[in-house]
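Undergrad: A single structure is presented below for examination.
FYI, it's all coordinate maths here, none of it is from the lab. The structure presented is a predicted model; accordingly, all values stated were derived computationally and were not measured. Cβ placement follows ideal geometry from the backbone for every residue including glycine, while neighbour counts extend to all protein chains displayed.
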Amino acid sequence: MTPGEMEMVEVFTSEGKGRGLKAAKEFWAGDVIFAEPAYAAVVFDSLTHLVCHTCFKRQEKLHRCGQCKFAHYCDRTCQKDAWLNHKHECSAIKAHGKAPNENIRLAARIMWRIEREGGGLTEGCLVSIDDLQNHVENFGEEEKKELRADVESFLNFWPPQSQQFGMQYISHIFGVINCNGFTLSDQRGLQAVGVGVFPNLCLVNHDCWPNCTVIFNNGNHEAVRSMFHTQMRIELRALGKISPGEELTVSYVDFLNVSEERRQQLQKQYYFDCTCEHCQKGIKDDLMLAVKEGENKPSQDVVKEVLQFSKDTMEKINKARSEGVYHEVVKLCRECLKKQEPVLGDTNIYLLRILSIASEVLSYLQMFEEASGYAKRMVDGYMKIYHPNNAQLGMAVMRAGVTHWHASLIEAGHGMICKAYAILLVTHGPTHPITKDLEVMRVQSEMELRMFQQNEFMYYKMREAALKNQKIQVMPEPTNEAPSGLFHTKQ
């Protein structure tokens, strides 16, 4: 955080929540309130050879560290930028014989930075690592057992020549990681690839209907001159008008759950009871649990039966997705929708979850016509539930727009792409890779729409010829990841 950004916010004691951040000036939708580089960050164990360890971008070819053979980088620039944080890790991995898991690696990186700079306030930080909440006292038996195992693994990995820390302090660091580790995504925002600690972000309290969003930006090293390079960082962005003195809030969990489920998730993961207005008043719960109205209104028993069927089907779907059996996923979705459609309302979250999976998997299987129908219904439901500038809503509308384009539904597709672009300009900003991709799609679909309106027959002929001459753009393989919370929790 720059000195200028530090003046835009103020640390205060928030009633019932501990410390918080409030605005020291007026902000408008899309304003960056502050940007913060990671105090320490690591790539997930499963992706260490596929993702750059400096900027967290997925790349086809990565340079491997010649010493430890573990760290991978986009290029020499990323490797050079990483050396300060990788130097001790590199020799420790060589001495240990292998790299430990991501939790141990992140704790070690934090400790080496503390060894260099101390545990107090560092430049650009509003709060020190020492002062962050660890919630160790709230851990259950299973969590305590995992903590003991992590501390033991850490001590086995930690070099004897490095500064030695007490067990209580090491436990504090693991507690901080457990409840403050922020999930990092690749440059397209499609996959969670790592975890990092951002102390200033930890001061921003939760609200289910927040006035800010947090976006991960991988930075940019493409400019020839290094003075134009930008580093990997998170950005706290305003979702609408924020007045001076107003508390800054973000949502730690996906809003697409009824208030009781969100409160349970927040208590389990972050150890607090949510008292936001949406939870206390159950705002939008009626939409999320909507059933068909009118003369065909189903009985409570029928609704209960369909909801249970939906939950059971979701378990089967998750199993089939994890095994990559996508045709089975489609079959399960169709069966579930057949049961749901006469009973559940258009905004019911159990219906929307199935529509989301069906549209994503069918798009991957290039069955775009059927996928687009489900995507349209999903977006219509989301628009009634989510905050109008919600990042997840923007990404969902973008995917639906691309699906409609593939299905040759150019008018609807262009409309969705424009809607998604307007949301992502606020949540991600105009220079984010995802927004830039979307701008290219928007221009292309606008050009195609004009052609379509002038001569429909000619448009389809030209589109057919163009698709024959280029490899069809395949949708990304569906992931089995549910929308994660804001902060990463160890699986």
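Undergrad: Quick one: pull the percentage of alpha-carbon pairs in the range 359-398 with a separation above 16 Å.
TA: Result for the distance tail: 35 percent.
Undergrad: Between Gln191 and Lys87, what length in nm is gained on full extension when 0.36 nm per residue of separation is reduced by their alpha carbon distance?
TA: Value of the extension gain: 34.7 nm.
Undergrad: Quote the relative contact order of the chain in percent (integer), defining contacts as alpha-carbon pairs under 8 Å separated by 6+ residues.
TA: Working: 775 pairs, mean separation 75.8, N = 491.
The normalised contact order for the chain reaches 15 percent.
Undergrad: Here's a follow-up. Once the Cα gyration tensor of the chain is diagonalised, what are the square roots of 5 times its eigenvalues, in whole Å and ordered largest first, as equivalent ellipsoid semi-axes?
TA: Whole-Å semi-axes of the equivalent ellipsoid: 39, 28, 24.
Undergrad: Which value in nm describes the separation of the simple spin-label points at Ala422 and Leu155, placed 7 Å from the Cα toward the beta carbon?
TA: Taking the simple label geometry, Ala422 and Leu155 are separated by 5.9 nm.
Undergrad: At R0 = 25 Å, how high is the FRET efficiency between His63 and Glu117 if r is their beta carbon distance? Nearest 0.05 is fine.
TA: So the FRET efficiency works out to roughly 0.35.
Undergrad: Which distance in Å, rounded to a whole number, links the C-alpha centroids of the range 31-109 and the range 341-368?
TA: Cα centres, the range 31-109 to the range 341-368: 38 Å.
Undergrad: If you don't mind, another one. Calculate, in whole percent, how much of the Cα-Cα pair population of the range 295-398 lies beyond 21 Å.
TA: When every Cα pair of the range 295-398 is considered, 37 percent fall beyond 21 Å.
Undergrad: Hey, if you put +1 on the Cβ of every Lys and Arg and -1 on every Asp and Glu Cβ in the range 9-250, which of Ile129, Pro100, Leu147 ends up farthest toward the positive end of that dipole?
TA: Of the candidates, Pro100 comes out farthest on the positive side.
Undergrad: Rounded if a/c is under 1.5, else prolate if a/b is larger than b/c, else oblate: which is the range 342-413, with a ≥ b ≥ c the root eigenvalues of its Cα gyration tensor?
TA: Working: a/c = 1.89, a/b = 1.28, b/c = 1.48.
In terms of gyration-tensor shape, oblate.
Undergrad: In whole angstrom, note down how far apart the Cα centers of the range 130-166 and the range 372-404 are.
TA: 41
Undergrad: Let me make sure I get this right: for the range 287-468, a, b and c are the square roots of the gyration tensor eigenvalues over alpha carbons, sorted descending. Under 1.5 in a/c it's rounded, otherwise prolate if a/b > b/c, else oblate. Which is it?
TA: Prolate.
Undergrad: Once the dipole of the chain is set up with Lys and Arg at +1 and Asp and Glu at -1 on Cβ about the Cα centre, which of Ala38, Met383, Gln267 lies farthest towards its positive end?
TA: Ala38
Undergrad: Taking H placed 1.01 Å from N in the peptide plane, check which residues at least 5 places from Asn211 or on another chain put their amide H under 5 Å from its amide H.
TA: Thr249
Undergrad: Ok, one more. So how compact is the range 9-250: Cα radius of gyration and Dmax in angstrom?
TA: Computed over the Cα atoms of the range 9-250, radius of gyration and Dmax are 18.5, 54 Å.
Undergrad: Under 14 Å between alpha carbons, and skipping anything fewer than 8 positions from Lys98 in its own chain: which aspartates and glutamates qualify?
TA: Asp45, Glu89
Undergrad: Taking +1 at the Cβ of each Lys and Arg and -1 at the Cβ of each Asp and Glu, which of Met458, Gly119, Ala238 sits farthest along the dipole of the chain towards its positive end, judged by Cα position relative to the Cα centre?
TA: Met458
Undergrad: Considering the zone a paramagnetic label at Lys297 would reach in this model (a point 7 Å from Cα along the Cα-to-Cβ line), which residues of the range 325-368 have amide N under 16 Å from it?
TA: 343-346
Undergrad: Now for a different question. Measure nothing fancy, just the Cα-based angle from helix 456-468's long axis to the longest principal axis of the chain, in degrees from 0 to 90, nearest 10.
TA: Long axis of 456-468 versus the principal axis of the chain: about 40 degrees.
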